[in-house]
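Single-structure report; data block below.
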Amino acid sequence: MSDRRLSAVVLAAGEGTRMRSERPKPLHRLCGRPMILHVLDAMAEIDVRRVVVVVGHRAEWVTKTLVQHAPPTMEIEFVEQLARTGTGDALAVGLTGLPDDDDEIEDVVVLPGDTPLLRPQTLAALVREHRAEDAGATLLTAVVENPSGYGRVVHGKDGAVARVVEEADATDEERAIAEVNTSIYCFRRSILAPTLRRLSPANAQGEYYLTDAVAVLSSAGYTVQSLVLPDSMEAAGVNDRAQLAVAEAELRDRINERWMRRGVTMWDPERTYVDAGAQLEADVTLLPGVILRGACRVDAGAEIGPNTVLTDTTVGRGAVVAASMCTHATIGADARVGPYSVLEAGAEVPDGTEVAPHSLVAGPEA
């Protein structure tokens, strides 16, 4: 079963009105990278090579961003959901982007584009569980203290998942269930399209719920399993600016921990901000108040900070940059910059050079 093809459908058609922004919700940035790209990065690590992204609101903007910045090993197809009538319809539209491979057994991971904290290891565990049980579908679920707003996962007497009930349609007894659906699934592809055709909009929202596919599969005799997340934060969606800030803090903690375990010193990780695209070598020291934005590179032995902002800047081995701001600049090995200096776009500091405090170094076009 491990030889099955694994594809994915990412649902990213929503307008995200609670973000109160012209920017499509999947393109709001976390640690310098649009959040939907964090989702694609996770799938790339488990060798999902074929992905369909269902777009809708500001579709051209989303498509252009992913074409430019998605993992290079990933084959991406874009399908537009013209009438947004629910997640079940969105997935049905998304399946049209996958080629017909009737001669191959295939699994399809389905997930929203606003879950940037999902770890590759969790996605891999979901697929393993699905295949080990030879399930028709496997849900990623979480047990939470306050399940308000989530679909509740209802198990049958045999322990398998019988259905998922959205809160608006749940009874008082069902609302008391603490296990909730995360909207992340693994389906056996061969049975998915016929299942979606049996969905009905006869519910409180008048939409085609993807969650209803669980009851359809269960009643048809297919095994539906759930895999409970040990850390519910992984499946946290981002629907407004407050949730965006929470996700940003969590992701930054992960980034900082990863670099510290690779030999980077951070005097105060709570006051150190490193974007996802930065590259750091061992024995780099980051002092409090450092912000590394975009695709910064800092070589071994360099010391940055305190209170320094680097944007898309390269810092050579053993250099020191103190209390300065550098944008699209190149700082050579063993150079000294600042404090209180500014390197404008394209500025270059040769190896071993000292930029005096309070200096302004212009770029080549100034």
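The values are calculated or read from the model by the stated rules, or taken from the named source; none is laboratory data. This is a predicted model, so every value here is computed, not measured. In this analysis, Cβ positions are derived from the backbone assuming ideal geometry, glycine residues included, and neighbour counts consider all displayed protein chains.
I want to confirm something. Restricting to segment 1-14 and keeping residues that are of a type in the set (Gly, Ala, Ser) and not in a strand (DSSP E or B), which single residue is surrounded by the fewest Cβ atoms within 10 Å (Cβ to Cβ)?
SER2
Please pick out the residue among THR272, THR265, THR285 that is hydroxyl-bearing (Ser, Thr, Tyr) and surrounded by 18 or more Cβ atoms within 10 Å (Cβ to Cβ).
THR272 is the lone residue from the list that is hydroxyl-bearing (Ser, Thr, Tyr) and surrounded by 18 or more Cβ atoms within 10 Å (Cβ to Cβ).
Could you grab me the full set of residues in segment 135-178 that are charged (D, E, K, R), closer than 16 Å to ALA215 by Cα and surrounded by fewer than 24 Cβ atoms within 10 Å (Cβ to Cβ)?
Selection gives LYS157, ASP158, ARG163, GLU166, GLU167, ASP169, GLU174.
Results for (1) within 25 Å of ARG252 (Cα to Cα); (2) assigned by TED's automatic domain parsing to the domain that holds ARG33; (3) part of a loop (DSSP other than H, G, I, E, B); (4) under 30 Å from the mean Cα position of the chain (by Cα), shown as yes or no for each residue.
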residue: GLY277; (1), (2), (3), (4): yes, no, yes, yes
residue: ALA282; (1), (2), (3), (4): yes, no, yes, yes
residue: ALA295; (1), (2), (3), (4): yes, no, yes, yes
residue: GLY301; (1), (2), (3), (4): yes, no, yes, no
residue: ASN307; (1), (2), (3), (4): yes, no, yes, yes
residue: PRO339; (1), (2), (3), (4): no, no, yes, no
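Considering VAL349, VAL290, VAL315, which residue is β-branched (Val, Ile, Thr), crowded, with 19+ Cβ neighbours inside 10 Å and over 30 Å from HIS38 (Cα atoms)?
Just one listed residue meets the conditions, VAL349.
Right, THR141: part of a strand (DSSP E or B), within 27 Å of ALA249 (Cα to Cα) and modelled with pLDDT of 95 or more or not?
Yes.
May I ask you to list the residues in segment 198-225 that are touching a helix residue (DSSP H, G or I) at 6+ places or on another chain (Cβ under 9 Å) and loosely packed, with under 14 Cβ neighbours inside 10 Å?
SER200, ALA204, GLN205, ALA220
Regarding THR195, is this residue polar (S, T, N, Q), surrounded by 17 or more Cβ atoms within 10 Å (Cβ to Cβ) and over 27 Å from the mean Cα position of the chain (by Cα)?
Taking the combined requirement at face value, the residue satisfies it.
Looking at VAL320, VAL228, VAL246, can you tell me which residue is among the β-branched types (Val, Ile, Thr) and buried (at least 18 other Cβ atoms within 10 Å of the Cβ)?
Unique residue meeting the criteria: VAL320.
Which members of segment 323-334 meet the condition of being crowded, with 23+ Cβ neighbours inside 10 Å and either part of a loop (DSSP other than H, G, I, E, B) or within 30 Å of the chain's Cα centre (by Cα) (or both)?
Of everything in segment 323-334, those that are crowded, with 23+ Cβ neighbours inside 10 Å and either part of a loop (DSSP other than H, G, I, E, B) or within 30 Å of the chain's Cα centre (by Cα) (or both) turn out to be SER324, CYS326, ALA329.
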